[in-house]
Amino acid sequence: MSRSAHPAGPRHADVLPEGHYSAPPADLNVLDPKVWAQTVTRGEDGAVRVGGVDVKTLAEQFGTPAYFIDEADFRARARAWRTAFGADADVFYAGKAFLSRAVVRWLHEEGLNLDVCSGGELTTALSGGMPADRIAFHGNNKSAEEITQAIESGVGRIVLDSFQEIVRVAHIAHSLGRRQRVQIRVTVGVEAHTHEFIATAHEDQKFGIPLAGGQAAEAVRRALQLDGLELIGIHSHIGSQIFDMSGFEVAAHRVVGLLKDIRDEHGVELPEIDLGGGLGIAYTSDDDPREPHEIAKALTEIVSRECDAARLRTPRISVEPGRAIVGPTAFTLYEVGTIKPLEGLRTYVSVDGGMSDNIRTALYDAEYSVALVSRASDAEPMLVRVVGKHCESGDIVVRDAFLPADLAPGDLIAVPATGAYCRSMASNYNHALRPPVVAVNDGEARVIVRRETEDDLLRLDVG
Ligand code: LLP
């Protein structure tokens, strides 16, 4: 993801500052379809539209900052994953990326399943109409209440993450007179090439049970003995925002190795294998994500090759993409408030949101793109840093980007590819009101998660 260093000729930049940026694009008005949702276009008047609705109209109607999600694009991406994996596999959308009842309904209609990782996500999933048997329940420290809620509602599977949890889930299932379908999450010892905080398959971290030292095999041994559990498979999730398929290849190889050991030791062929999510998306024009059909082909080929070699029946595969479905479908719309050129450095553009609606830049050094969307401009490119309005200098939305030099307060700018892990990780820092999520489709815009109000804040503050 690193970019070439110094661009040609931005304003205020005789000596260019350090930064991760490429040369400014030839035309700042052009929107790269790689990073923008499918129906986003720039109209003849220069203003950008999504789902046929102009951003100026959207800003007037819903205010800023706000997330706008392209419903047609979301459905198309969900369908593309579903179709790519076909009837012999399951696609579980990872709700942590972004979950609301409207999204649950779209997923259900498009034939996807759902992965949840908390009681709150489970409640949203059920309330949105997802059948319980199409829900997978995750987490490294599920509470007894969450486990009970999951089993009572009839979730299709619980993914077990520790030795204590194997016993805990078995015990609760038994006391409810149920036999719960479960998978065991293992760590396969792969170093995924992504940010440390979103890499999850190396052994030195909190998720899963290591294959190393026979720990996962021991977990399987225990789970097979407990009558509250029906062990249906092994789960592996190697991390997030991954472009290189080789990590999945190693993971599949090692998980199939465990399936073979289980067959040899217990005479049982587990019927399922879940390879998790983690497929990368384009945040900037430099990123080149793979299409769902390429990913499906690669993963199914790896698993069947490994199973053939181990003389195992190929298990049913499931995957859990979150970001790759919802990430590219939304953008955040901001109004420019102040513009501060720092001679020889860069221009700071302050918007009416910030780290409370997008923590990813501060937390993971994430890169984003940005564009002026309320009008077109032929002004020269200026090197900017888009910052929020919070009391913290790390409150950066887009670290390095180019916007036209005639940018002015009151202009609307948009940051694309904010559909995943932005609203779901939003906070009330500085008592910011979390922005709404508005679905736009076929000329109509509809709030699916409303903007928080000061009444919402005060309601929690019991005085
Ligand atoms: N399955 C499991 C078990 C997971 O833990 C995750 C993500 C996913 C699927 C979905 O991964 P995706 O396809 O969305 O990459 N907040 C971070 C990402 C944390 C991901 C946590 N687990 C970010 O903003 O990049």
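The values are calculated or read from the model by the stated rules, or taken from the named source; none is laboratory data. Only a predicted model underlies this, so the values are computations on that prediction, with no experimental measurement involved. Every residue, glycine as well, gets a Cβ built from its backbone with ideal geometry; the counts of neighbours run over all protein chains shown. Ligands, DNA and RNA are excluded from the accessible area calculation, which covers all protein heavy atoms including side chains. Shrake-Rupley method; radii C 1.70, N 1.55, O 1.52, S 1.80 Å.
Key figures
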| item | result |
| --- | --- |
| In segment 214-243, the residues that are within 22 Å of GLY257 (Cβ to Cβ) and within 14 Å of the ligand (Cβ to nearest atom) | GLY233, ILE234, HIS235, SER236, HIS237, ILE238, GLY239, ILE242 |
| Among the candidates VAL104, VAL155, VAL116, residue that is assigned by TED's automatic domain parsing to the domain that holds ALA216 and either at pLDDT 95 or above or charged (D, E, K, R) (or both) | VAL155 |
| Residue in segment 73-89 that is hydroxyl-bearing (Ser, Thr, Tyr) and open to solvent by less than 30 Å² (accessible area, probe 1.4 Å) present | no |
| Test: ALA252 is more than 22 Å from PHE163 (Cβ to Cβ), among the hydrophobic types (A, V, I, L, M, F, W, C) and either within 16 Å of the ligand (Cβ to nearest atom) or part of a strand (DSSP E or B) (or both) | yes |
| All positions within segment 31-46 that are assigned to a loop (DSSP other than H, G, I, E, B) and either at pLDDT below 95 or surrounded by fewer than 16 Cβ atoms within 10 Å (Cβ to Cβ) (or both) | ASP32, PRO33, GLY43, GLU44, ASP45, GLY46 |
| Residue count, segment 295-314 (criterion: of a type in the set (D, E, K, R) and closer than 13 Å to PHE248 by Cα) | 3 |
| Elements of type strands (runs of 3 or more DSSP E) in segment 361-463, at least 2 residues being open to solvent by 50 Å² or more (accessible area, probe 1.4 Å) | 444-449 |
| Test: residue in segment 276-295 that is in contact with a Leu (Cβ under 7 Å, 6 or more places away or on another chain) and among the β-branched types (Val, Ile, Thr) | yes |
| Selected residue [away from the ligand (no atom under 16 Å from the Cβ) and either modelled with pLDDT of 95 or more or of a type in the set (A, V, I, L, M) (or both)] from GLU367, GLU306, GLU335, GLU320 | GLU335 |
| Scope segment 201-244; condition at negative phi, out of contact with any Leu (no Cβ under 7 Å at 6 or more places or on another chain) and of a type in the set (S, T, N, Q); matching residues | GLN205, GLN215, GLN225, SER240 |
| Selection within segment 298-352 - surrounded by fewer than 22 Cβ atoms within 10 Å (Cβ to Cβ) and part of a helix (DSSP H, G or I) | ALA298, THR300, GLU301, ILE302, SER304, ARG305, GLU306, CYS307, ASP308, ALA309 |
| Flag if VAL91 is without any contact (Cβ under 8 Å) to a residue 60 or more places away in the chain and not acidic (Asp, Glu) | no |
| Filter result for the condition that a residue is under 13 Å from LEU275 (Cβ atoms) and among the charged types (D, E, K, R), over ARG254, ARG178 | ARG254 |
| Search result, residues across segment 55-82 that are part of a helix (DSSP H, G or I) and either touching a helix residue (DSSP H, G or I) at 6+ places or on another chain (Cβ under 8 Å) or closer than 18 Å to MET130 by Cβ (or both) | GLU71, ASP73, PHE74, ARG75, ARG77, ALA78, ARG79, ALA80, TRP81, ARG82 |
| Residue match in segment 92-99 (condition: outside the structural domain of ALA426 (by TED's automatic domain parsing) and touching a His at 6+ places or on another chain (Cβ under 9 Å)) | yes |
| Some residue of segment 287-297 being of a type outside the set (Ser, Thr, Tyr), closer than 16 Å to ILE242 by Cβ, open to solvent by 30 Å² or more (accessible area, probe 1.4 Å) and away from the ligand (no atom under 16 Å from the Cβ) | yes |
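For every residue, the table says whether it meets (1) among the charged types (D, E, K, R); (2) in contact with a Ser or Thr (Cβ under 6 Å, 6 or more places away or on another chain); (3) open to solvent by 10 Å² or more (accessible area, probe 1.4 Å).
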residue	(1), (2), (3)
PHE207	no, yes, yes
LEU224	no, no, yes
GLY233	no, no, no
SER236	no, no, no
SER246	no, no, yes
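Condition check ((1) touching a helix residue (DSSP H, G or I) at 6+ places or on another chain (Cβ under 8 Å); (2) more than 16 Å from the ligand (Cβ to nearest atom)) across all residues:
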| position | (1), (2) |
| --- | --- |
| ILE396 | yes, no |
| ALA408 | no, yes |
| ILE413 | no, yes |
| SER427 | no, no |
| PRO435 | no, yes |
| VAL438 | yes, yes |
| GLU444 | no, yes |
| LEU458 | no, yes |
